[in-house]
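First the structure, in the form of structure tokens, and then the observations on it.
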Amino acid sequence: MEGEINFTFVLMKQKLKFNSRTIHGGQHPDVAYGAVMPPIYQTSTYRQTSPGQHKGYEYSRTHNPTRTALEKSIASLEGAQYGLAFASGMAAIDSLTKLFLPGDHIISTNDLYGGSYRLFENVFARYDLKFDFMDLRDIKHLQTLIHESTKMIWIETPTNPMMRVIDIKAIVEVAKQEDILVAVDNTFATPYLQRPLEWGADLVMHSATKYLSGHSDTIIGLMAYSCPDIDERLKFVQNASGAVPGPMDCYLTLRGIKTLHLRMERHCQNAKEIVTFLSNHPQVDQVFYPGISQDSSFQLPKGQMRDFGGMISFQTKTKDLEKIHQVLSRFKVFTLAESLGGVESLVGHPASMTHASIPKRERERSGVFENLIRLSVGIEDVRDLIQDLKQALN
Ligand SMILES: *Cc1c(COP(=O)(O)O)cnc(C)c1O
């Protein structure tokens, strides 16, 4: 199949700017009929003309042309050599973690997606993988935790839900001395705002369920990296374990990615206005947003993010759980729901929703108390969003 595509066309596309690669990366008019959009190859298997003679595709767990287009698209956006798609963000992290062996040690952000914590601590710890969770802004502390079994540092930045920004380059400098893999969950930032491979990370993971697909209509995970050895090992696990997305989900994500740059601009713009509103609201205590430094002992890494995204957390002044639940139930434009990154605004209560799988003590150590509310700011008219916050916080 690849052989039939005009090669200069593909080369030209690799040179395009980011906002063009969202639309063209990994995609080319369909060879069969010239369809401009990538066809949804809804097939499990492919005809062989004689055993082993085929056009590069044998079985859709291993490869599927719609999935290939998406895998090339994420590689193009992250500036990577390779991309891989999985059935969910968790399936991507699961496959990556399967590259390690019993006794291997992984250091992770302590303020992270609840499902990632659960997978590490409640699934992989049973296979004797060792985990440490820490505030990765503290490089000195990180150095004390590294030992000869340490194989990976798992960074989520901005962190979820506290929106702390972790310095990828500073961690890479420490990790490279010890040959430790650095992987970044780039779900909150997206490649539009932050490209971890450019700061030296080895691997980027996305819950593309969120901003990349962008319309809250699919569950899907992506990885991007440039090392051929990682590619070989991850592709092996992807095929052996089989947690792959269907072609329809790949198509929806490709379609979402085409407007990523436009959506992200508006998410950022709306979020900034809401941060200003919340910061001046009498019922609001602290506001957490990646552009706001939370702790003077940690500097925000310069230039790591182009802008600060659409995710905001804030503490209500009241700590009365019943009152907090009343606030959450009053929203009319924001929808009270799990997840984030869609065109529509969502509100969530991390302590009882996204982060309920993290033990209370661990959760509160990273700052997730019951009075924390998390917003995924959508791309609606910001005046409607502020009006909704006003009436809900009242
Ligand atoms: C949602 C999310 C995940 C998990 O992805 P799924 O697609 O839900 O499996 C991982 N990391 C972050 C930061 C997330 O927001």
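Only helices (runs of 4 or more DSSP H) whose full extent lies in the range 63-119 are considered here, and the ones with at least 3 residues that are more than 16 Å from the ligand (Cβ to nearest atom) and surrounded by fewer than 24 Cβ atoms within 10 Å (Cβ to Cβ) are 65-78.
Would you point out which residue out of Gly303, Gly291, Gly341, Gly310 is closer than 24 Å to Leu197 by Cα and in contact with a helix residue (DSSP H, G or I) (Cβ under 7 Å, 6 or more places away or on another chain)? Result: Gly310 is the single residue among Gly303, Gly291, Gly341, Gly310 that is closer than 24 Å to Leu197 by Cα and in contact with a helix residue (DSSP H, G or I) (Cβ under 7 Å, 6 or more places away or on another chain). Per the conditions (1) surrounded by fewer than 20 Cβ atoms within 10 Å (Cβ to Cβ); (2) in contact (Cβ under 8 Å) with a residue 12 or more places away in the chain; (3) within 15 Å of Ser108 (Cα to Cα), the sole criterion not satisfied by Lys176 is (3).
Mind listing whichever residues of the range 139-156 are under 12 Å from the mean Cα position of the chain (by Cα) and of a type in the set (Asp, Glu)? Hit for the range 139-156 is Glu156, nothing else. Among the conditions (1) under 30 Å from Thr150 (Cβ atoms); (2) touching a helix residue (DSSP H, G or I) at 6+ places or on another chain (Cβ under 8 Å), the only one that Glu71 does not satisfy is (2).
For (1) closer than 16 Å to Ala92 by Cα; (2) buried (at least 24 other Cβ atoms within 10 Å of the Cβ), each residue gets a yes or a no:
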residue	(1), (2)
Ile171	no, yes
His206	yes, yes
Thr209	yes, yes
Tyr225	yes, yes
Asp231	yes, no
Leu252	no, no
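Residues to consider are Gly303, Gly341, Gly291; find the one that is touching a residue at least 60 places away in the same chain (Cβ under 8 Å) and of a type in the set (Gly, Ala, Ser). Full working, then the answer.
Values: Gly303 fails: touching a residue at least 60 places away in the same chain (Cβ under 8 Å); Gly291 fails: touching a residue at least 60 places away in the same chain (Cβ under 8 Å).
When all the criteria are applied, what remains is Gly341.
None of Thr218, Thr159 is within 15 Å of the ligand (Cβ to nearest atom) and over 11 Å from the mean Cα position of the chain (by Cα) except Thr218.
So is Ser376 buried (at least 18 other Cβ atoms within 10 Å of the Cβ), polar (S, T, N, Q) and closer than 25 Å to Arg195 by Cα or not? Walk me through it before giving the result.
Working: buried (at least 18 other Cβ atoms within 10 Å of the Cβ): yes; polar (S, T, N, Q): yes; closer than 25 Å to Arg195 by Cα: yes.
Yes: the conditions hold for Ser376.
As for the range 180-194, it holds no residue that is within 16 Å of the ligand (Cβ to nearest atom), at pLDDT below 95, buried (at least 24 other Cβ atoms within 10 Å of the Cβ) and among the charged types (D, E, K, R). Listed here are the strands (runs of 3 or more DSSP E) enclosed by the range 256-350 that have at least 3 residues being closer than 23 Å to Asp384 by Cβ and within 16 Å of the ligand (Cβ to nearest atom): 311-316, 346-348.
Here is the figure for the range 250-277: residues that are small (Gly, Ala, Ser) and more than 15 Å from Glu344 (Cα to Cα) total 0.
Select, from Lys272, Lys258, Lys323, the only residue that is within 22 Å of the chain's Cα centre (by Cα) and free of Cβ contacts under 8 Å to residues at least 40 places away in the same chain.
Details: Lys258 fails: free of Cβ contacts under 8 Å to residues at least 40 places away in the same chain; Lys323 fails: within 22 Å of the chain's Cα centre (by Cα).
None of the others qualify; the one that does is Lys272.
The values are calculated or read from the model by the stated rules, or taken from the named source; none is laboratory data. Being a predicted model, the structure only gives us computed values, none of them experimental. Cβ sites come from the backbone with ideal geometry, for glycine too, and all protein chains shown count toward neighbours.
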